[in-house]
Amino acid sequence: MTMLDHLPSLRRAATPRIDPAIWPSTARVDELGRLCIGDVALTDIADEFRTPAYVLDETHFRHRIRDRRAALPGVEMVYAAESLTTDVARWVAEEGVGIGVGSSGELAVALAAGVDPARIVLHGSAASVDELRSATAVGVGRIVIDSLMEVAYLACEARRRQRVLIRVTPDIGLHHWVAESAERILSQPLLELVGLCCHIGSQIADPAGYGEAIHRMVAAMADIRAAHGIILTELDIGGEHAVPPPAYALEPDLGELAAVIDDALDQACAAERFPRPRVVVDQGCSISARPGAALYRVVSVRSQSRGRTFVGVDGGMSDNPQIALCGTKYPVVLANRHELGPMRLVTVTGRHPDDELARDVELPADVRPGDLLAVACTGAYQHSMASNYSMTCRPPVIAVRHGRIRELIRRETTADLLARDLGWSGSTAV
């Protein structure tokens, strides 16, 4: 027998706490049992910046971009701007990738970071006149048209030649929508129709879906050529891949995706006798989700008579709305010490009414107030979707790399909230 057999608690300490398929690539547990990311103990971040807080692993973020560029040679990549800050925008630009924005705010962040407007794509449903005006004024590379009204708005606002794509959902009125949109766009002298942008959903785990979409999109491009005599040169196939379980779904094999794209393009273009277009893929949460983690401090532990245990933390749906909106299941671990005792299933609850961050997750039976919890795969939607629900201040975003800590977004304060309240007298905020 070994020492681990004599002392089961040591076996627990020797068992890997973090799944390398879920946590950032730099994540590890140090000799004190502290979870570290980017060679930084998360307890240090919690102590300095308080909780809740978002942590973003810059090294892993950049590596995920590089892995996708290497696996998809000849394909243009656009980062769909989840969790966008000026620093994140700079990382993306430095890795040679464009940025897809969905609002004037995201556009302003990208421009503030020094991103070349020609590398920016404006997406979004029901874009406002102001958003379209801002995009055309700075000369964004492409604008994705989502409605016929947007064609009219752009025609009024454009002061220079503007390249546009038509946003398409392949199985919903594809040919009629494309035909009508193309006719409207081509009648406007300052709008240049260059391609189609495909939307087949998000968290796509099976690459075959992209092959089917490519066949339909190339057929639609051929119809436009037949009707108007122009050849569209760009095909944006979306590409919001799934990220690992149990947060979302199995991550697709990038080599298989590349093969599906190539085969589908060869077959579709041959069938329609259509020149091979330049392919664009949009990558958002598939890049940013895994490099991110959220930190919470335990504030209470309550056990019911029927055996259910509730671990209350100092955050909730105001900083992670995906759980309430989509039922997303995130991995949760103890981040400040070894898990030496027995484990039990608990429900992690937040600070808002009926607020659950995680149900039936394993935590040590002796979890107690003051412990630090880390939630994996939170780099995508949390910062961008955080709200002031119950007038809660939004958390900071902290980047880590090679043992260094950098605050990308400071914690919001009550003074920030009151600054927008025109009835505020200016007295000291709490």
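The values are calculated or read from the model by the stated rules, or taken from the named source; none is laboratory data. No experiment lies behind these values; they were computed from the predicted model shown. Using ideal geometry, Cβ is built from the backbone for each residue, glycine included, and neighbour counts are taken over all protein chains shown.
Note on segment 216-233: residues that are surrounded by 18 or more Cβ atoms within 10 Å (Cβ to Cβ), touching an Asp or Glu at 6+ places or on another chain (Cβ under 8 Å) and closer than 20 Å to Ile143 by Cβ amount to 1. Among the criteria (1) touching a Pro at 6+ places or on another chain (Cβ under 9 Å); (2) assigned to a loop (DSSP other than H, G, I, E, B), the one Arg344 does not fulfil is (2). If you go through segment 134-147 and keep only what is over 24 Å from the mean Cα position of the chain (by Cα) and either small (Gly, Ala, Ser) or at pLDDT below 95 (or both), you end up with Ala137, Gly139, Ser147.
Tell me the residue from Ala358, Ala374, Ala380 that is in a loop (DSSP other than H, G, I, E, B) and either assigned by TED's automatic domain parsing to the domain that holds Ile22 or buried (at least 23 other Cβ atoms within 10 Å of the Cβ) (or both), please. Just one listed residue meets the conditions, Ala380. Residues of segment 298-309 that are assigned to a strand (DSSP E or B) and either within 23 Å of Ala380 (Cβ to Cβ) or polar (S, T, N, Q) (or both): Ser300, Ser303, Thr309. When Ile287 is tested against (1) touching a helix residue (DSSP H, G or I) at 6+ places or on another chain (Cβ under 6 Å); (2) under 27 Å from Ala80 (Cβ atoms); (3) surrounded by fewer than 24 Cβ atoms within 10 Å (Cβ to Cβ); (4) touching a residue at least 12 places away in the same chain (Cβ under 8 Å), only condition (3) is not met. When the residues of segment 149-177 are filtered to those that are farther than 18 Å from Gly102 by Cα and among the hydrophobic types (A, V, I, L, M, F, W, C), the one that is surrounded by the fewest Cβ atoms within 10 Å (Cβ to Cβ) is Ile172.
Rundown of residues vs (1) buried (at least 16 other Cβ atoms within 10 Å of the Cβ); (2) on the phi > 0 side of the Ramachandran plot; (3) of a type outside the set (Lys, Arg), yes/no style:
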{"residue": "Ser384", "(1), (2), (3)": "yes, no, yes"}
{"residue": "Asn388", "(1), (2), (3)": "no, no, yes"}
{"residue": "Thr392", "(1), (2), (3)": "yes, no, yes"}
{"residue": "His402", "(1), (2), (3)": "no, yes, yes"}
{"residue": "Ile409", "(1), (2), (3)": "yes, no, yes"}
{"residue": "Glu412", "(1), (2), (3)": "no, no, yes"}
{"residue": "Ala415", "(1), (2), (3)": "no, no, yes"}
{"residue": "Trp424", "(1), (2), (3)": "no, no, yes"}
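For Pro244, are the conditions met, namely being closer than 28 Å to Arg68 by Cβ and at pLDDT 90 or above? Here the answer is no, as Pro244 does not meet what is asked. Out of all the residues in segment 411-421, is one or more under 18 Å from Asp355 (Cα atoms), assigned to a loop (DSSP other than H, G, I, E, B) and not hydrophobic (A, V, I, L, M, F, W, C)? The answer is no, given that none of the residues of segment 411-421 is under 18 Å from Asp355 (Cα atoms), assigned to a loop (DSSP other than H, G, I, E, B) and not hydrophobic (A, V, I, L, M, F, W, C). Checking Ala81 against (1) more than 24 Å from Pro396 (Cα to Cα); (2) in contact with a strand residue (DSSP E or B) (Cβ under 7 Å, 6 or more places away or on another chain); (3) modelled with pLDDT under 95: exactly one of these is not met. Which one? Here Ala81 meets the rest and fails (1). Scanning segment 310-337 for residues that are under 12 Å from Val361 (Cβ atoms), assigned to a loop (DSSP other than H, G, I, E, B) and touching a Ser or Thr at 6+ places or on another chain (Cβ under 9 Å) yields a single hit, Tyr330. Any residue at all in segment 185-205 that is in a helix (DSSP H, G or I), under 25 Å from Gln283 (Cβ atoms) and of a type outside the set (Gly, Ala, Ser)? Checked against the condition, which is being in a helix (DSSP H, G or I), under 25 Å from Gln283 (Cβ atoms) and of a type outside the set (Gly, Ala, Ser), segment 185-205 yields no hits at all. When Glu183, Glu212 are checked against the criterion of being on the phi < 0 side of the Ramachandran plot, charged (D, E, K, R) and within 32 Å of the chain's Cα centre (by Cα), Glu212 stands alone in meeting it. If I filter segment 83-100 for residues that are touching a Gly at 6+ places or on another chain (Cβ under 7 Å), without any contact (Cβ under 8 Å) to a residue 40 or more places away in the chain, in the same structural domain as Ala70 (by TED's automatic domain parsing) and part of a loop (DSSP other than H, G, I, E, B), do I get at least one hit? No, every residue in segment 83-100 fails to be touching a Gly at 6+ places or on another chain (Cβ under 7 Å), without any contact (Cβ under 8 Å) to a residue 40 or more places away in the chain, in the same structural domain as Ala70 (by TED's automatic domain parsing) and part of a loop (DSSP other than H, G, I, E, B).
Only one entry in Ala258, Ala213, Ala249 is at pLDDT below 95, part of a loop (DSSP other than H, G, I, E, B) and surrounded by 15 or more Cβ atoms within 10 Å (Cβ to Cβ), namely Ala249.
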